[in-house]
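K.L.:
Can you read through this structure? Questions will come right after.
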Amino acid sequence: MTTPPIRLLVHGASGRMGQALLRLAAERDDLQVVAAVTRRSPAQRVVDGVPHFAASELHGAPQFDVAIDFSLPEGFDPVLALCVERGAGLVSGTTGISETQRQALIQAATRIPLVWASNFSLGVAVLDELVERAAAALADWDCDIVESHHVHKQDAPSGTALTLGAAAQKSGAQPHYASLRAGDIVGEHLVQFTGLGERIELTHRATNRDIFARGALFAAVQLNGRAPASYRVRDLLAASAT
């Protein structure tokens, strides 16, 4: 018996990540995008077989299993509420959300499965775990995080650097941050542990932005059908390997 594809709603479909999600999902048989939601009214109602909706029409979207949200903080509340209302999973990479919105995520996780992450690279998910383990083992060593991005990125340190720093802090380290903005660097993160006479460097380099969309699609597949809870990408990665 053939398993039906997972029905996806892509929220923030007109953005760079949204476009990558639509393109990559179309290449897979296990996924079906049933709605693409854009900030403004779409120029075409159906594009490549995918129905398009304006954000103001969100509640008119068909039933879906998981929503993938890469939008803006002002668009975050409606899609979270819709997922809770319909009992659908949520994968969100929307950054800049407020503390009130973070608390709403915690509440929503009691009713639906969800994952929010600053970075959906599977490699970064592994790096996060390695940093936590290294910080626990090297309690007296200095911890420094250096992140590099393209010249147009405004926030510093990056959200990913702060997430890695939180992993280090969880194990007792006190990370220091440095940021570089140059050229068209997609994203590089170096976590350095330095002791007397020796140094460990853990590095992740992104050379293509599609890795983030692929990671979000991976998370959506892994999240579908799970019990209500807040998951990390590294949790889903570990579960897929068992």
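The values are calculated or read from the model by the stated rules, or taken from the named source; none is laboratory data. Note that this is a predicted model, so its numbers are computed, not measured. Methodologically, a virtual Cβ is constructed for each residue, glycine included, from the backbone with ideal geometry; neighbour enumeration extends over all protein chains shown.
K.L.:
For the list (1) at negative phi; (2) assigned to a loop (DSSP other than H, G, I, E, B); (3) among the small types (G, A, S); (4) modelled with pLDDT under 95, I need the number of the one condition that A239 fails.
P.N.:
Checking A239 against (1) at negative phi; (2) assigned to a loop (DSSP other than H, G, I, E, B); (3) among the small types (G, A, S); (4) modelled with pLDDT under 95, the one that fails is (2).
K.L.:
From the residues in region 44-66 that are surrounded by 16 or more Cβ atoms within 10 Å (Cβ to Cβ) and aliphatic (A, V, I, L, M), which one is farthest from P78 (Cα to Cα)? Please lay out each step first, then the result.
P.N.:
As a first pass, look at region 44-66 and keep what is surrounded by 16 or more Cβ atoms within 10 Å (Cβ to Cβ): 50-53, 55, 58, 61, 64-66.
From what is left, the residues that are aliphatic (A, V, I, L, M) are 50, 55, 58, 61, 66.
Working: V50: 21, A55: 9, L58: 8, A61: 12, V66: 14 Å.
Across region 44-66, the extreme among qualifying residues is V50.
K.L.:
Still on this structure: Quick one: in region 62-85, which of the residues that are of a type in the set (G, A, S) and at pLDDT 95 or above is farthest from L31 (Cα to Cα)? Break it down into steps so the answer makes sense when it comes.
P.N.:
Our first condition is that a residue be of a type in the set (G, A, S); within region 62-85, this holds for 67, 71, 75, 81.
Retained after the next criterion (residues that are at pLDDT 95 or above): 67, 81.
Numbers: A67: 12, A81: 23 Å.
If we take residues in region 62-85 being of a type in the set (G, A, S) and at pLDDT 95 or above, then A81 is farthest from L31 (Cα to Cα).
K.L.:
Select from region 98-136 the residues that are loosely packed, with under 12 Cβ neighbours inside 10 Å, touching a strand residue (DSSP E or B) at 6+ places or on another chain (Cβ under 9 Å) and of a type outside the set (S, T, N, Q) and list them in ascending order.
P.N.:
R102, I106
K.L.:
Still on this structure: For region 185-205, which residues satisfy the criterion of being of a type in the set (D, E, K, R), within 23 Å of D235 (Cα to Cα) and loosely packed, with under 14 Cβ neighbours inside 10 Å? Walk me through it before giving the result.
P.N.:
Kept after step one, since they are of a type in the set (D, E, K, R), are these residues of region 185-205: 188, 198-199, 201, 205.
After this cut, where a residue has to be within 23 Å of D235 (Cα to Cα) as well, the list is 188, 205.
Result: R205, single match.
K.L.:
Taking P157 as meeting all but one of (1) modelled with pLDDT under 95; (2) over 30 Å from A25 (Cβ atoms); (3) surrounded by fewer than 16 Cβ atoms within 10 Å (Cβ to Cβ), write down the number of the exception.
P.N.:
All conditions pass for P157, except number (3).
K.L.:
Something else: Wholly within region 1-97, which strands (runs of 3 or more DSSP E) include no fewer than the required count, namely at least 1 residues that are basic (K, R) and touching a residue at least 12 places away in the same chain (Cβ under 8 Å)? So that I can check it myself, show each step before the final result.
P.N.:
Details: elements: 6-11, 31-38, 50-54, 66-69, 89-92.
Ranges flagged: 6-11.
K.L.:
Another one. What do you reckon, is A182 under 24 Å from H149 (Cβ atoms) and surrounded by fewer than 19 Cβ atoms within 10 Å (Cβ to Cβ)?
P.N.:
Against the criterion (under 24 Å from H149 (Cβ atoms) and surrounded by fewer than 19 Cβ atoms within 10 Å (Cβ to Cβ)), A182 qualifies.
K.L.:
Another question about this same structure. What number of residues within region 183-240 are farther than 26 Å from Q169 by Cα and β-branched (V, I, T)?
P.N.:
The first filter runs over region 183-240 and keeps only residues farther than 26 Å from Q169 by Cα, leaving 183-185, 207-211, 213-214, 217-218, 220-228, 240.
Next cut, β-branched (V, I, T) only: 185, 207, 211, 221.
Residues in region 183-240 being farther than 26 Å from Q169 by Cα and β-branched (V, I, T): 4 in total.
K.L.:
List the number of the failed condition for Q103; all other conditions in (1) part of a helix (DSSP H, G or I); (2) in the same structural domain as L217 (by TED's automatic domain parsing); (3) touching a residue at least 24 places away in the same chain (Cβ under 8 Å); (4) of a type outside the set (K, R) hold.
P.N.:
(3)
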